[in-house]
Amino acid sequence: MEEHDHKFRLISEHGCFGGSQRFYSHPSTEIGLRMRFSVYLPPQAQHGRVPALLYLAGLTCTEETFMIKAGAQRFAAQHGIALIAPDTSPRGANVPGEDDNWDFGLAAGFYLDATQAPWSKHYRMESWLLHELLPKLGQELPIELKQLGIFGHSMGGHGALTLALRHPDVFKSVSAFAPICHPTEVPWGIKAFGGYLGEDRSQWLAHDASHLMAQHTSAPYPQGILVDQGLDDKFLTEQLKPETLEAACAKAGQPLTLRRHAGYDHGYFFISSFIEDHLAHHATCLHG
């Protein structure tokens, strides 16, 4: 397939709970590079279009991490929901220093469009997802974009919350695992936003879930937002700050179910323990 074809290239396909687990790549015009993503199509997709969930993974992850580790396909098959998991940054941008740190650059795109050189040329994750990947998925696969939810973990939880609040016309449901709730005030966010968006902190607020939520005067997601947080998460106090999202939701009148779990840390053992509840939450919103 030629690079200018702009169609999806199927890398591999695997039978899974009666459906199909697939891994793809495509040449992205928004990113300017070939991007990778994965899709799980439940068995119901053999007979027509199905609702879908966009999952955004955390720092250091790829398009494979969630599909391999979370155990979500069993419940997606039960509910008849497709799963979409994009890569976490461009690959092959060759920006000097992009792989020097695990929390900035490669595998750390933060799901926004960088405005600062040299990152702004290729690090355009929000535009890739909203303006390119999702529309093409609706064209090429049996996915109903009018029934689309979003969720994610850590950096991806930040992405899920902010993209849901920035694009409530696109996403009908939202949830998160251990999200970065107030990135403008924590080291991960300060580092990423300073590099991608520049030193004008007023420009950062458009990508801070707690700030975005606090601007609402009514609930953007009246069916509720679900957030799970482990209390043994070593990043909880310094990086995640779910209490800021809790306060912002209370101010906006946004129903929030924030569950704090003793004995759980930041990883996929935690995610896989509660993934069934997240699929059920989204199924209620999307099928309803």
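Which of Y123, Y55, Y24 moves the most in a Gaussian network model of the chain with Cα springs under 10 Å?
Result: Y24 has the largest fluctuation of those listed.
Using a 1.4 angstrom probe, figure out how much accessible area the chain has per residue, in square angstrom, rounded to the nearest whole.
Computed with neighbouring chains in place, this is 39 Å² per residue.
Under the √(5λ) rule applied to the eigenvalues of the Cα gyration tensor, what semi-axes describe the equivalent ellipsoid of the stretch 180-288? Give them in Å, descending.
In descending order, the three semi-axes are 24, 20, 12 Å.
Bin width 5 Å, alpha-carbon pairs only: give the P(r) of the stretch 40-177 as whole percents, running from 0 to the bin holding the largest distance.
Taking all Cα pairs of the stretch 40-177, the binned fractions are 2, 11, 20, 23, 20, 14, 7, 4, 1, 0 percent.
Count neighbours as other Cβ atoms within 10 Å of each site's Cβ, and list the GluC sites (Glu not before Pro) in the stretch 187-288 that are DSSP loop with at most 11 such neighbours. Please list the in-between numbers first.
Working: sites: E199, E238, E243, E246, E276; in loops: E199.
In loop regions of the stretch 187-288 (DSSP not H, G, I, E or B), the sparsely surrounded GluC sites (Glu not before Pro) are E199.
Can you list which of the DSSP-assigned H helices in the chain have a Cα extent of 18 Å or more along the long axis and an average Kyte-Doolittle score of at least 0.0? Numbers along the way, then the final one.
On the way: long enough: 268-287 (28 Å, 0.38).
Going by DSSP H runs, the hits are 268-287.
If the chain between S202 and T284 were fully stretched, how many nm would it gain, using 0.36 nm times the residue separation less the Cα-Cα distance?
On the way: separation 82, 0.36 × 82 = 29.52 nm, distance 3.64 nm.
Using 0.36 nm per residue and subtracting the Cα-Cα distance, I get 25.9 nm.
Beyond 23 Å between alpha-carbons counts as too far, so tell me which of K69/K172; K121/K191; K191/K234; K172/K251 fall in that bin.
Beyond 23 Å: K69/K172.
Fully extended, how many nm does the chain gain between S218 and D169 (0.36 nm per residue separation, minus their Cα-Cα distance)?
16.1 nm
Given a cut-off of under 8 Å on Cα pairs at least six residues apart, what relative contact order in percent is computed for the stretch 163-288?
31 percent
Send over the semi-axes of the stretch 107-212's equivalent ellipsoid, whole angstrom and largest first, taken as the square roots of 5 times the C-alpha gyration tensor eigenvalues.
24, 16, 11
Find the Cα radius of gyration of the chain, compare it with 2.2 N^0.38 Å by division, and give the number to two decimals.
Cα Rg divided by the expected 2.2 N^0.38 Å: 0.93.
Relative contact order, percent, of the stretch 46-144 when contacts are C-alpha pairs under 8 Å separated by at least 6 residues?
Averaging sequence separation for qualifying contacts and normalising by length gives 29 percent for the stretch 46-144.
Which order do the peptides 258-271, 141-154 come out in when sorted by mean C-beta neighbours inside 10 angstrom, highest first?
Packing proxy ranking, top to bottom: 141-154, 258-271.
Could you work out how far apart the two model spin labels at D265 and A117 are, taking each label as a point 7 Å from the Cα in the direction of the beta carbon, and quote it in nm?
In this crude spin-label approximation the distance works out to 4.3 nm.
Return P(r) of the stretch 73-129 (all Cα-Cα pairs; 5 Å bins starting at 0; whole %; ordered from short to long distances).
4, 19, 24, 19, 8, 9, 8, 7, 2, 0
Just from its helices, what would the mean residue ellipticity at 222 nm be for the chain, if runs of 4 or more DSSP H residues each count -39500 (n - 2.57) and the sum is divided by every residue, rounded to the nearest 500 deg cm²/dmol?
It comes out at -8000 deg cm²/dmol, rounded to the nearest 500.
Size of the stretch 156-239 along its principal axes in angstrom, Cα-based, largest extent first?
Largest first, the stretch 156-239 extends 34, 33, 20 Å along its Cα principal axes.
Please list 32-40, 107-115 highest first by mean number of surrounding beta-carbon atoms within 10 Å per residue.
Ranking, from highest mean packing down: 107-115, 32-40.
Roughly to the nearest percent, how much of the accessible area of the stretch 124-251 is carbon and sulfur, given a 1.4 Å probe?
That share works out to 51 percent.
For the stretch 1-133, build the charge dipole from Cβ charges (+1 Lys, Arg; -1 Asp, Glu) around the Cα centre, then report which of T88, T62, F8 sits farthest towards its positive end.
Among T88, T62, F8, the one farthest towards the positive end of the dipole of the stretch 1-133 is F8.
The values are calculated or read from the model by the stated rules, or taken from the named source; none is laboratory data. Keep in mind the model is a prediction, meaning the values are calculated, not measured. Cβ: placed from backbone, ideal geometry, glycine included. Neighbour counts: every protein chain shown. Ligands, DNA and RNA are stripped out before the accessible areas are found, and what is left, the full protein with its side chains, is counted by its heavy atoms. Shrake-Rupley method; radii C 1.70, N 1.55, O 1.52, S 1.80 Å.
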